[in-house]
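Here the structure comes first, spelled out in structure tokens, and everything after it is commentary.
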Amino acid sequence: MLTAVVPDAGGRGGRLQDLGADGTAAGPVRSVADLAGAIGDREAADHPRWVWPSTAELYPALLRAGVRVGRCHDLELTEALLSGHAGRWGEPRALAAARARLRGLPVPADPPPRQAEPPGFAQAALFESSTGPAAADFDALEAVREVYADQLRRLALTEHPGRFRLLVAAESAGALVGAEMGHAGLPWRADLHDQLMRELLGPPQPVGPPRRLAELTAEINAAFGSWGLHPDSPAEVVRAFARAGVDVPNTRAWVLRKVDHPAVRPLLEYKELYRIWTAHGWAWCDAWVSDGRFRPEYVPGGVVSGRWATRGGGALQVPKAVRRAVVADPGWQFVVADAGQLEPRVLAAISGDARFAAAAAAGDLYAELAANSFDGDRAKAKVALIGAMYGQTGGAAIPALAVLRNHYPTAFEFVEHAARVGEANGLVRSWLGRTCPPSSAALRDAGLDPPEESDPSLGGASGRARGRFTRNFVVQATAAEWALVLLATLRTALEGSKAEMVLFVHDEVVVHCPADEVERVVAAVHESAATAGRLLFGDTAVRFPLDVSTVGAYADAK
């Protein structure tokens, strides 16, 4: 059963209409004064798949009203996937834009992303319009039907329609999970956070940085024989090193660690503590932690590879130093599941290299490769795999890559082919069909950093940079798909329990659950990982094992 949904702009009501499998109307339009209540009643009755413009715009309001849904088709996310597959990555994807494209009309720009709102922000209305500036110019429910039917048609024309359908379903399910995690929130002890900040930084000061940063600033200035240098200014630090006769291109930690100068040690400590103070310090906690929960806004598919981003709060970069503040509720536990060696296992599954896949059936892929092909040298096997996936061609990687090429030629050629296509500015796709942007301009729009000069279609420096990206894209984007399917299947497995997913970072998922449900959750996590492998890759020898920890504090996880 499919049901289209559009909210009334700025109100509580909206309209519903059942759809046929092809997207055509299969029932009358039903106007309701309480859209959340109507959706809740219908969900309880027959669990339809909801077809709506944007999960990010509709579902948080439903969750605040106490309504959870089982399935949806997110038109906006699907439009982005289909546009990317056609080589038009980044074009407007909102309902108004998709409708205009379908009808051959001028395509309006998408509305600017809504700014992230810390907890406690007053909601002006239950539902906001998600159709863009042209919302008043057309019937939104009719547009939902038209765009959905057109997306079904375009989806059937993709290179592997069955895989792409799985991608669309997983992307939409991921949007539901992201909204639910933001609503549930990550347990966070503000008192422990304050204690940690004081241990790391000293007490907060009425004006200026905390005491430890002030002490390190004085130490850095003394090491340079200067006064007034600001350690948080890369330009000032580079000039200070130059005056000391040390040439550094930048102040990145890996660069500074190679420098022999008395300012390096306090400078590295300052950089780490300054980042914690500004990104996750007292001001952050005051803004983002409320009622014992940190509630970020996740952006599924926010990165070109399909990995998630966040809008405000920095949930994907919580430093290890402050994770001790993430403590389960009394009588509850965290189940922390991390997919080890995910990307090389994905390469084994998608490349069709039978020998490599057999090695990936082991619990430790690197050790198995080492035993079979690298004279037992696990480190060399790891260097070879990382070099192949990321385009490392110098140093210790050269002999290791030669061994990998000789012993696993099919897997090696798979990433080499992706690199060659990328260098020629061609389209490369993940296993399910997510498509890499076709040009350096699109990569730059995606937040990447290709070189500026030569035309990638001519195979110049920019083309080589894109080739390095695309060789990893085919693996990393597929790994993101595996993780999405894991989330979707785990979400279903946890239905009927009190357990809730509260954090997802790339290859790691954290579930908060009552202590008496831990065994069930651990079993569900393992089964979901196996199911994700089967759904994506079918009958494969490759295993996708998880490192699972059951802890009371997130910092104690492996």
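The values are calculated or read from the model by the stated rules, or taken from the named source; none is laboratory data. These numbers come from a predicted model, not from an experiment. When we count neighbours, we look across all protein chains shown, and the Cβ atoms used for this are built from the backbone with ideal geometry, even at glycine. Note: areas computed on protein heavy atoms with side chains; ligands, DNA, RNA excluded. Shrake-Rupley method; radii C 1.70, N 1.55, O 1.52, S 1.80 Å.
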Q. Is there a residue being closer than 29 Å to Leu316 by Cβ, open to solvent by 70 Å² or more (accessible area, probe 1.4 Å) and touching a helix residue (DSSP H, G or I) at 6+ places or on another chain (Cβ under 6 Å) anywhere in the stretch 282-289?
A. no
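Is it the case, given these coordinates, that Ala371 is of a type in the set (A, V, I, L, M, F, W, C), over 22 Å from Ala465 (Cα atoms) and part of a helix (DSSP H, G or I)?
Details: of a type in the set (A, V, I, L, M, F, W, C): yes; over 22 Å from Ala465 (Cα atoms): yes; part of a helix (DSSP H, G or I): yes.
When the stated conditions are applied, Ala371 passes them.
The rows are residues; the columns are (1) on the phi > 0 side of the Ramachandran plot; (2) open to solvent by less than 40 Å² (accessible area, probe 1.4 Å); (3) in contact with a Leu (Cβ under 9 Å, 6 or more places away or on another chain).
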residue: Leu273; (1), (2), (3): no, yes, yes
residue: Lys320; (1), (2), (3): no, no, no
residue: Asp329; (1), (2), (3): no, no, no
residue: Leu342; (1), (2), (3): no, yes, no
residue: Leu347; (1), (2), (3): no, yes, yes
residue: Asp364; (1), (2), (3): no, no, no
residue: Ala370; (1), (2), (3): no, yes, no
Q. Which of the residues that make up the stretch 524-555 are farther than 16 Å from Leu484 by Cβ and open to solvent by 60 Å² or more (accessible area, probe 1.4 Å)?
A. His526, Glu527, Asp539, Arg543, Asp547, Thr550
Q | Flag for Arg165 being in a helix (DSSP H, G or I), farther than 30 Å from Leu494 by Cα and open to solvent by 40 Å² or more (accessible area, probe 1.4 Å) | A | no
Q.
Report every pair of residues separated by at least 6 positions or lying on different chains whose Cβ atoms are under 9 Å apart, first residue within the stretch 279-291 and in contact (Cβ under 8 Å) with a residue 12 or more places away in the chain, second among the basic types (Lys, Arg) and assigned to a loop (DSSP other than H, G, I, E, B).
A. Trp288/Arg295; Val289/Arg189; Val289/Arg295
Q | Residues that are open to solvent by less than 30 Å² (accessible area, probe 1.4 Å), under 22 Å from the mean Cα position of the chain (by Cα) and either farther than 16 Å from Glu343 by Cα or not polar (S, T, N, Q) (or both), drawn from the stretch 419-437 | A | Val428, Leu432, Gly433, Arg434, Thr435, Cys436, Pro437
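Being within 30 Å of Ile276 (Cα to Cα), out of contact with any Asp or Glu (no Cβ under 7 Å at 6 or more places or on another chain), not in a loop (DSSP other than H, G, I, E, B) and not aromatic (Phe, Trp, Tyr) is the requirement here; does Arg345 meet it?
Answer is no for this residue.
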Q | Identity of the residue in the stretch 288-321, among the aliphatic types (A, V, I, L, M) and outside any loop (DSSP other than H, G, I, E, B), that ends up farthest from Pro113 (Cα to Cα) | A | Ala321
Q. In the stretch 39-62, which residue that is of a type in the set (Gly, Ala, Ser) and closer than 18 Å to Ala140 by Cα is surrounded by the fewest Cβ atoms within 10 Å (Cβ to Cβ)?
A. Ser54
Q. How many residues are open to solvent by less than 50 Å² (accessible area, probe 1.4 Å), closer than 20 Å to Val428 by Cβ and among the aliphatic types (A, V, I, L, M) when one looks only at the stretch 149-162?
A. 1
Q: Mind listing whichever residues of the stretch 83-100 are surrounded by 22 or more Cβ atoms within 10 Å (Cβ to Cβ) and assigned to a helix (DSSP H, G or I)?
A: Gly84, Leu95, Ala96, Ala97, Ala98, Arg99
Q: Tell me which residues, restricted to the stretch 372-386, are open to solvent by less than 10 Å² (accessible area, probe 1.4 Å) and under 22 Å from Asp547 (Cβ atoms).
A: Ala381, Leu385
Q.
Could you tell me how many of the residues in the stretch 389-411 are without any contact (Cβ under 8 Å) to a residue 40 or more places away in the chain, in a helix (DSSP H, G or I) and either open to solvent by less than 60 Å² (accessible area, probe 1.4 Å) or in contact with a His (Cβ under 6 Å, 6 or more places away or on another chain) (or both)?
A. 6
Q: Output the residues belonging to the stretch 388-419 that are modelled with pLDDT of 90 or more and of a type outside the set (A, V, I, L, M).
A: Arg405, Asn406, His407, Tyr408, Pro409, Thr410, Phe412, Glu413, Phe414, Glu416, His417
Q. Does at least one position in the stretch 113-121 carry a residue that is over 26 Å from Leu490 (Cβ atoms), modelled with pLDDT of 95 or more and among the basic types (Lys, Arg)?
A. no
Q) Here are Pro231, Pro206: which of them is touching a Leu at 6+ places or on another chain (Cβ under 7 Å) and assigned to a loop (DSSP other than H, G, I, E, B)? A) Pro231
